[in-house]
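Peer 1: Please see the structure below; I have some questions.
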Amino acid sequence: MNFDAQYMIGVFPTILKSLHITLLMAVIAMVFSIAIGLLMALITKNKIPFLSQFAALYISFFRGAPALVQLFLIYYGLPQLFPALSSLQALTAAIIGLSLKNSAYLAEIFRAALESVEKGQLEACLSVGMTKFQAYRRIIIPQATRNAIPATGNTFIGLIKETSLAFTLGVTEIFADGKMAASASLKFFETYLAVAIVYWVITVIYSLLQRVLEHKLSKPYTA
Amino acid sequence: MMIQVKNLRKKFKNLVVLDGIDLNVNRGEVVAIIGPSGSGKSTLLRCLNFLETPDEGIISIGKATLNVANYTQKDVHALRQQTAMVFQNYNLFKNKTALQNITESLILTKNMTKQQAEKVGRELLESVGLAHKADNYPITLSGGQQQRVGIARALAVDPHAILLDEPTSALDPELVSEVLQVIKSISQQDTTMLIVTHEMDFAREVADKIIFMADGCIVEQGTPKELFDFTSNPRTKKFLRQTEPTGLLNV
């Protein structure tokens, strides 16, 4: 068997050079996804005319088209329609694409989480004179957040791994680093295994953080 | 007049739930609404703060008047601010402690500081006998305790009237009396109250006026004595006979 353990250990620093790019893409795209997803969920849940039809179309399209195709559409396709976009950086395009796709997934997760909050909670808010906006901000969304965390975490883990697609646009992130190291050394197995382990470790660390968060958020609901 | 309702009508699909209700409640008056299930009692209460939207009618409570034929979201908000509601299932804010359940609306709608709100909140918890549970979350409280917090929360907004929708119906029998005690003590403080209830003895004891509803109409109203002891209305008689503890046995 031809396995160079020493090489593999040595290749980690090379891969980790671009760790910050991977994390940057994942975190920024997640922040946008949450913001857009919540907006879409609130529009859908409250059946706001016109906007809810738009939201349905948005969710349907960005859930329906493959992430890779969406990235190509934005980075290679849009500049053809809008020449001003030809200066769009690959990193920015990747973040936009990943945000659009994942916001569509989160919109559905958030809608379900909002639906899971009992109707009586909103009624109680209104009955003591709160506005609907105050009710959502102070009571409904905090309760829905707890319900949404597990599925949202899944989406985030998916997103972390999807950032590797940005490599196809020319973004140098950890997968791109790995690809270059592999081509130079021809030790494909060791290099890609190291890349896989890096992604794995990131998701394990995130899962631990999520568990702490879940524990904290569940405090009001445990006797 | 604290509450004035004229010709209130409400349909669910084809089912008429409120068939032209007229209602007057004076300041400080305690009114108990009784009647068989499905008679529209709860819907009437929920229409008064627009948790249900009526089809027709005029509602005046305290400083607000709303005509169902022509109103804005602002009118709804103003109407809701005149009352507070106590729910059958308590509906305490699950992500808030007992104290926060009370202070939340004070901070958001009465522009109180946190300190002012907590002072009011602690006094109210004291008055319902739950000062020691201030920092407990609802899930750790019994049904009776949750409902007492619910009552304190309703009192906190200092409403012109409190609407109580079957406040003891979801409680275990042994927890009913602690809640009724609290309601009774409030009723003696000149608070205007509308109570939908199945507790006939309680209604007789605390109410100044009893309203008997059936099939979306007010069949009869009067003092507890008039209604419970001297009614001549056959519909009322039949209902009262059925609610007597031995009523089932005499059939």
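The values are calculated or read from the model by the stated rules, or taken from the named source; none is laboratory data. Values in this document were obtained by computation on a predicted structure and should not be read as measured data. Ideal geometry is used to build each Cβ from the backbone, glycine not excepted, and the neighbour counts take in all protein chains shown.
Peer 1: Please find, among B:ILE151, B:ILE139, the residue that is β-branched (Val, Ile, Thr) and at the interface with chain A (Cβ under 9 Å from one of its Cβ atoms).
Peer 2: Details: B:ILE151 fails: at the interface with chain A (Cβ under 9 Å from one of its Cβ atoms).
Answer to the selection: B:ILE139.
Peer 1: A:ALA26 - would you say it is closer than 24 Å to A:TRP200 by Cβ, crowded, with 19+ Cβ neighbours inside 10 Å and in contact with a helix residue (DSSP H, G or I) (Cβ under 7 Å, 6 or more places away or on another chain)?
Peer 2: On the way: closer than 24 Å to A:TRP200 by Cβ: yes; crowded, with 19+ Cβ neighbours inside 10 Å: yes; in contact with a helix residue (DSSP H, G or I) (Cβ under 7 Å, 6 or more places away or on another chain): yes.
Yes; evaluated as a whole, the condition is true for this residue.
Peer 1: Sticking with this structure for a sec: Filter the helices (runs of 4 or more DSSP H) completely within segment A:9-124 down to those with at least 2 residues that are more than 30 Å from B:LEU45 (Cβ to Cβ) and polar (S, T, N, Q).
Peer 2: Values: elements: A:19-45, A:51-64, A:67-72, A:78-81, A:90-115.
Of the helices (runs of 4 or more DSSP H) lying wholly inside segment A:9-124, those with at least 2 residues that are more than 30 Å from B:LEU45 (Cβ to Cβ) and polar (S, T, N, Q) span A:19-45, A:51-64, A:90-115.
Peer 1: What number goes with the only condition from (1) surrounded by fewer than 23 Cβ atoms within 10 Å (Cβ to Cβ); (2) basic (Lys, Arg); (3) within 14 Å of another protein chain (Cβ to nearest Cβ) that B:LYS209 does not pass?
Peer 2: The single condition B:LYS209 does not satisfy is (3).
Peer 1: Which residues, taken from segment B:110-124, are touching a residue at least 24 places away in the same chain (Cβ under 8 Å) and surrounded by 18 or more Cβ atoms within 10 Å (Cβ to Cβ)? Explain how you work it out, then say what you get.
Peer 2: Looking only at segment B:110-124, we keep the residues that are touching a residue at least 24 places away in the same chain (Cβ under 8 Å), and these are B:110, B:120-121, B:124.
Once the filter is applied, which keeps residues that are touching a residue at least 24 places away in the same chain (Cβ under 8 Å) and surrounded by 18 or more Cβ atoms within 10 Å (Cβ to Cβ), segment B:110-124 yields B:VAL120, B:GLY121, B:LEU124.
Peer 1: Might you check whether a residue that is free of Cβ contacts under 8 Å to residues at least 24 places away in the same chain, buried (at least 19 other Cβ atoms within 10 Å of the Cβ) and more than 26 Å from A:LEU68 (Cα to Cα) occurs anywhere in segment A:140-158? Spell out how you get there, then give the answer.
Peer 2: Here is the first cut: in segment A:140-158, the residues free of Cβ contacts under 8 Å to residues at least 24 places away in the same chain are A:142, A:154.
Retained after the next criterion (residues that are buried (at least 19 other Cβ atoms within 10 Å of the Cβ)): none.
No, the conditions are met nowhere in segment A:140-158.
Peer 1: Which of the residues spanning segment B:155-188 are hydroxyl-bearing (Ser, Thr, Tyr) and either assigned to a helix (DSSP H, G or I) or at pLDDT below 90 (or both)? Before you say what the answer is, go through the steps one by one.
Peer 2: So in segment B:155-188, the residues hydroxyl-bearing (Ser, Thr, Tyr) come out as B:168-169, B:177, B:185, B:187.
Those that are hydroxyl-bearing (Ser, Thr, Tyr) and either assigned to a helix (DSSP H, G or I) or at pLDDT below 90 (or both): B:SER177, B:SER185, B:SER187.
Peer 1: Could you name every one of the strands (runs of 3 or more DSSP E) located completely within segment B:1-47 that has at least 2 residues being more than 22 Å from B:ALA64 (Cα to Cα), of a type in the set (Asp, Glu) and in contact with a Gly (Cβ under 8 Å, 6 or more places away or on another chain)? Steps first, answer last, please.
Peer 2: On the way: elements: B:3-12, B:15-25, B:30-34.
Answer list for segment B:1-47: none.
Peer 1: Any chance segment B:61-80 includes a residue that's in contact (Cβ under 8 Å) with a residue 40 or more places away in the chain, buried (at least 24 other Cβ atoms within 10 Å of the Cβ), more than 30 Å from B:LEU130 (Cβ to Cβ) and of a type outside the set (Val, Ile, Thr)?
Peer 2: No - not one qualifying residue is present in segment B:61-80.
Peer 1: Across segment B:107-131, what is the total count of residues that are over 20 Å from the mean Cα position of the chain (by Cα) and in a helix (DSSP H, G or I)? So that I can check it myself, show each step before the final result.
Peer 2: Residues of segment B:107-131 over 20 Å from the mean Cα position of the chain (by Cα): B:107-123, B:126, B:129-131.
Imposing the further condition that a residue be in a helix (DSSP H, G or I) reduces the set to B:107-109, B:114-123, B:126, B:131.
Qualifying residue count for the region: 15.
Peer 1: Report, by residue number, each residue of segment A:104-131 that is farther than 23 Å from B:ALA152 by Cα, within 14 Å of chain B (Cβ to nearest Cβ) and surrounded by fewer than 18 Cβ atoms within 10 Å (Cβ to Cβ).
Peer 2: Within segment A:104-131, A:SER116 is the sole residue that qualifies.
Peer 1: May I pose another question? Are any residues in segment B:46-99 more than 14 Å from chain A (Cβ to nearest Cβ) and in contact with a Pro (Cβ under 6 Å, 6 or more places away or on another chain), and if so, which ones?
Peer 2: Initially, segment B:46-99 is screened for residues more than 14 Å from chain A (Cβ to nearest Cβ), giving B:54-60, B:65-71.
Correct list: B:VAL68 only.
Peer 1: Looking at segment B:187-203, can you tell me whether even one residue there is surrounded by 15 or more Cβ atoms within 10 Å (Cβ to Cβ) and over 25 Å from B:MET2 (Cβ atoms)?
Peer 2: Going residue by residue through segment B:187-203, those that are surrounded by 15 or more Cβ atoms within 10 Å (Cβ to Cβ) are B:187, B:191-200, B:202-203.
Subsequent filtering for residues that are over 25 Å from B:MET2 (Cβ atoms) retains none.
No, every residue in segment B:187-203 fails to be surrounded by 15 or more Cβ atoms within 10 Å (Cβ to Cβ) and over 25 Å from B:MET2 (Cβ atoms).
Peer 1: Return only the number of the condition from (1) part of a helix (DSSP H, G or I); (2) surrounded by fewer than 22 Cβ atoms within 10 Å (Cβ to Cβ); (3) in contact with a Ser or Thr (Cβ under 8 Å, 6 or more places away or on another chain) that A:ARG137 does not satisfy.
Peer 2: (3)
Peer 1: I've got another one for you. Counting just the residues of segment A:55-79 that are among the aliphatic types (A, V, I, L, M) and more than 18 Å from the chain's Cα centre (by Cα), which one comes out farthest from A:GLY37 (Cα to Cα)? Quick ask: steps written out before the conclusion?
Peer 2: The first filter runs over segment A:55-79 and keeps only residues among the aliphatic types (A, V, I, L, M), leaving A:55-57, A:59, A:65, A:67-69, A:71, A:73-74, A:78.
Next cut, more than 18 Å from the chain's Cα centre (by Cα) only: A:55-57, A:73, A:78.
Details: A:ALA55: 10, A:ALA56: 12, A:LEU57: 13, A:LEU73: 21, A:LEU78: 23 Å.
Top of the filtered list is A:LEU78.
Peer 1: Can A:VAL198 be described as surrounded by 12 or more Cβ atoms within 10 Å (Cβ to Cβ), modelled with pLDDT of 95 or more and in a helix (DSSP H, G or I)? Can you show your working first?
Peer 2: Numbers: surrounded by 12 or more Cβ atoms within 10 Å (Cβ to Cβ): yes; modelled with pLDDT of 95 or more: yes; in a helix (DSSP H, G or I): yes.
Taking the combined requirement at face value, the residue satisfies it.
Peer 1: Moving on to the next point. Is it true that A:THR172 is more than 14 Å from chain B (Cβ to nearest Cβ) and not small (Gly, Ala, Ser)?
Peer 2: On the way: more than 14 Å from chain B (Cβ to nearest Cβ): yes; not small (Gly, Ala, Ser): yes.
Spelling it out, A:THR172 is indeed more than 14 Å from chain B (Cβ to nearest Cβ) and not small (Gly, Ala, Ser).
Peer 1: May I ask you to say which residue of B:GLY35, B:GLY28, B:GLY20 is small (Gly, Ala, Ser), away from chain A (no Cβ under 11 Å) and surrounded by 17 or more Cβ atoms within 10 Å (Cβ to Cβ)?
Peer 2: Numbers: B:GLY28 fails: surrounded by 17 or more Cβ atoms within 10 Å (Cβ to Cβ); B:GLY20 fails: surrounded by 17 or more Cβ atoms within 10 Å (Cβ to Cβ).
Exactly one residue qualifies, and that residue is B:GLY35.
Peer 1: Cβ-Cβ distance below 7 Å, separation of 6 or more or different chains: which pairs start in segment A:199-222 with a residue that is within 14 Å of another protein chain (Cβ to nearest Cβ) and end on one that is among the charged types (D, E, K, R)?
Peer 2: A:LEU217/A:ARG146; A:SER218/A:ARG146; A:PRO220/B:LYS94; A:TYR221/B:LYS94
Peer 1: Same structure, new question: For segment A:29-81, give me the residue count where each residue is crowded, with 16+ Cβ neighbours inside 10 Å, within 24 Å of A:ARG137 (Cβ to Cβ) and either in contact (Cβ under 8 Å) with a residue 60 or more places away in the chain or among the β-branched types (Val, Ile, Thr) (or both).
Peer 2: Number satisfying all stated conditions: 14.
Peer 1: Still on this structure, please answer the following. Any idea which residue in segment B:189-225 is modelled with the lowest pLDDT, counting only those that are hydroxyl-bearing (Ser, Thr, Tyr) and out of contact with any helix residue (DSSP H, G or I) (no Cβ under 6 Å at 6 or more places or on another chain)?
Peer 2: Taking segment B:189-225 as the starting set, the residues that turn out to be hydroxyl-bearing (Ser, Thr, Tyr) are B:191-192, B:197, B:223.
From what's left, out of contact with any helix residue (DSSP H, G or I) (no Cβ under 6 Å at 6 or more places or on another chain): B:191-192, B:223.
Details: B:THR191: 90, B:THR192: 94, B:THR223: 95.
Among them, the one singled out is B:THR191.
Peer 1: Right, next: Given the conditions (1) touching a residue at least 60 places away in the same chain (Cβ under 8 Å); (2) at positive phi; (3) not small (Gly, Ala, Ser), and given that B:VAL86 satisfies all but one, which numbered condition is not satisfied?
Peer 2: Answer for B:VAL86: the failing condition is (2).
Peer 1: Taking B:ALA161 as the residue in question, decide whether it is under 23 Å from B:LEU125 (Cβ atoms) and in contact with a strand residue (DSSP E or B) (Cβ under 8 Å, 6 or more places away or on another chain).
Peer 2: Numbers: under 23 Å from B:LEU125 (Cβ atoms): yes; in contact with a strand residue (DSSP E or B) (Cβ under 8 Å, 6 or more places away or on another chain): yes.
Considered against the rule, which asks whether it is under 23 Å from B:LEU125 (Cβ atoms) and in contact with a strand residue (DSSP E or B) (Cβ under 8 Å, 6 or more places away or on another chain), B:ALA161 comes out as yes.
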